1. Normalised by the residues of the stretch B:135-306, what does the relative contact order come to in percent, with Cα pairs under 8 Å and at least six apart?
2. Quick one: if the Förster radius is 25 Å, what FRET efficiency do A:Glu98 and A:Ser39 give, using the C-beta to C-beta distance and rounding to 0.05?
3. Can you flag which of A:Lys103/B:Lys300; A:Lys232/A:Lys300; A:Lys300/B:Lys20; A:Lys69/A:Lys327 are past 27 Å Cα-Cα?
4. What is chain A's relative contact order, in percent, from Cα pairs under 8 angstrom and six or more apart in sequence?
5. For A:175-185, what's the mean count of beta carbons from other chains sitting within 10 Å of each residue's beta carbon?
6. Within 10 Å of each Cβ in peptide B:258-270, how many partner chain Cβ atoms are there on average? Round it to a whole number, please.
7. With the cut-off at 1.5 for a/c, could you classify the stretch A:243-327 from its C-alpha gyration tensor as rounded, prolate or oblate?
8. Quick one: which residues, 5+ away or cross-chain, put their amide H under 5 Å from the amide H of A:Ile304? H built at 1.01 Å from N.
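A short reminder: the numbers here are calculations on the coordinates, not readings from a lab. Since the structure is predicted, the reported quantities are computational estimates derived from the model, not experimental observations. Please note: Cβ atoms are built from the backbone with ideal geometry, for glycine as well, and neighbour counts cover all protein chains shown.
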Number of protein chains: 2
Amino acid sequence: MPEPGAKHEYIVGVDLGGTKILAGVFTQQLKCLGRSKASTKAQRGSEVVIERIAHCVMDAVDECDLDLKQIRGIGLGAPGAVDSETGRVIFAPNLGWEDKPIKKDLEKLLGVPIFLENDGNICTLGVYHAELEAKPKSMVGIFLGTGIGGGLMLDGKLYTGFNRTAGEIGHMVIQVGGPKCGCGNRGCFEAVAGRQALFRKIQAAVKEGQKTLLTEMLGENLSDMRSGDLRKAIRRGDKFVDQVVEEAAEYTGVAVANLINIFNPEVVVLGGGVIDALEDEMMAIIIETAHDYALSGTDKGIEIRASKLGDDAGIVGAAVLARRETK
Amino acid sequence: MPEPGAKHEYIVGVDLGGTKILAGVFTQQLKCLGRSKASTKAQRGSEVVIERIAHCVMDAVDECDLDLKQIRGIGLGAPGAVDSETGRVIFAPNLGWEDKPIKKDLEKLLGVPIFLENDGNICTLGVYHAELEAKPKSMVGIFLGTGIGGGLMLDGKLYTGFNRTAGEIGHMVIQVGGPKCGCGNRGCFEAVAGRQALFRKIQAAVKEGQKTLLTEMLGENLSDMRSGDLRKAIRRGDKFVDQVVEEAAEYTGVAVANLINIFNPEVVVLGGGVIDALEDEMMAIIIETAHDYALSGTDKGIEIRASKLGDDAGIVGAAVLARRETK
């Protein structure tokens, strides 16, 4: 329990995703004291989403019997291209956002300093510090959720590049002329292996008469489908869903190989909701395909693993950011 | 003219390509005193190629009225995955080499210290120092020759990664299931936009009855085709060759966008024989496609340019390496 008189001792990490918002309250030692969750409701517009983030933070703080006045800073991971210096989300196709001043808006609602970073970078930061204990010299994080985010660690720091947007691996094209992506292009990694891509592929096949256990489980419209439903269907013997997930794992393996060929990191960590739900179904295929496609000799000794942090990677990483910025 | 009594004052840079070997003799100030060129003749096996490199170096040194005894060190750029610490070419599909101890063999033939690096890294080093005056914080070099090599500069140094193989961008898959690559995979950047890929595409189309000015210029077998022949055919109005080159430029633009999304460098420089010969035909398309495919906001202010060094990028970069290692 936090001491009642303690002030500005705590930090909050927020993970804003295309589907849900997570908030966690942390000590300076990154111990999680409590958390809260809300659906994003992106379709209601950015103003509503920003209010929902503020409520989610307040709920998490209240859950720990704390007050906002005791919060030193809030780290926030947001999807898409973000400008962390001005605190704006520049372009987030999965939210339908362009140029939203989220830092300013949230600071007005909460009265606590907000530190913004791309969600892929944030999750990478979380995995690197909380799971790998900041040991590898270099690391790539790949997070398969609604979309696909990523981040690069180099010499213990996030590598962000010239426009601070490095690590946008979800929009690496791996299939020129392939399926349409939310960003407007075709054949992005996200468009062939992100959750939305998988769900669309399944829904389209069902419309064309494909039989699957998913319709028995969720109804003909497959409404409220989750990654866990795919796991259940596969474990009950659904060959069609198995094939769709296997293909996504192969595409992911190709993406991992590309990153090994280009950036040659010491460790590649995969995470996000899709990997959490389908680790047993996907990881072996991802690792095998990555080694097949990495140029001979480039992948020697490189570790490819699934994150153990699950959903917490984002809030832990956001807390690491807030701790760093309020030191 | 070099002073006759000067000893160990000079350095040699060698660029070993799939088609030709270039060697240049340089002063410590990177002034080129003389050069030599030979065809690689990879089909004759690695022993012959290594002897040809040694002869090419001796010819360049002789051309400057110098003696090998006056050479401080020799930098060597070789294609494929190389281990610069042990001086071995690990895997070079365009030469048909696996695990060749080229440093040891050449030191035996020449009696001068040899410093080995991947040719894409070497060309990147050359462009960064001799053309960009070591100014950008980060840079990606992309070199389209027989194959496609590349390199990453970060904070003034070559970024080589965990296995010292970073920057193998020619084997980034951009078209899963696409054309077969020399590395054994399908759909690599090199397999859709390298010179060998273009030539094979043209040869296959001609076999199937495609009309082109190239057969008038070079005969039905299109033997000894060079990138410059494609330029000549396009300028004489050959729509088919124009289309093939345009497609390669589009694929290259996609690859540039991928690198901007992932690594977000300050400058992207394109070079190599294909770009040298077809700069006017390709660069505008490469730049336009790269901006189309880069995620909105990630490409702001990033310069995409063709190298002015032409064929010299490799020998200059190799000289930079030798100078650094013999200081």
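1. Values: 284 pairs, mean separation 41.2, N = 172.
RCO, the stretch B:135-306: 24 percent.
2. 0.70
3. Working: A:Lys103/B:Lys300 22 Å; A:Lys232/A:Lys300 35 Å; A:Lys300/B:Lys20 30 Å; A:Lys69/A:Lys327 17 Å.
Where the Cα-Cα span goes over 27 Å, the pairs concerned are A:Lys232/A:Lys300; A:Lys300/B:Lys20.
4. Numbers: 708 pairs, mean separation 62.2, N = 327.
19 percent.
5. Working: counts 7, 12, 2, 3, 0, 0, 1, 0, 5, 4, 6.
Averaged over the peptide's residues, the number is 4.
6. Details: counts 10, 2, 7, 15, 15, 9, 11, 4, 3, 1, 0, 0, 0.
The per-residue average across the peptide is 6.
7. Working: a/c = 2.95, a/b = 1.45, b/c = 2.04.
Because a/c hits 1.5 or more and a/b fails to exceed b/c, the stretch A:243-327 counts as oblate.
8. Close amide H contacts, sequence-distant or interchain: A:Val268.
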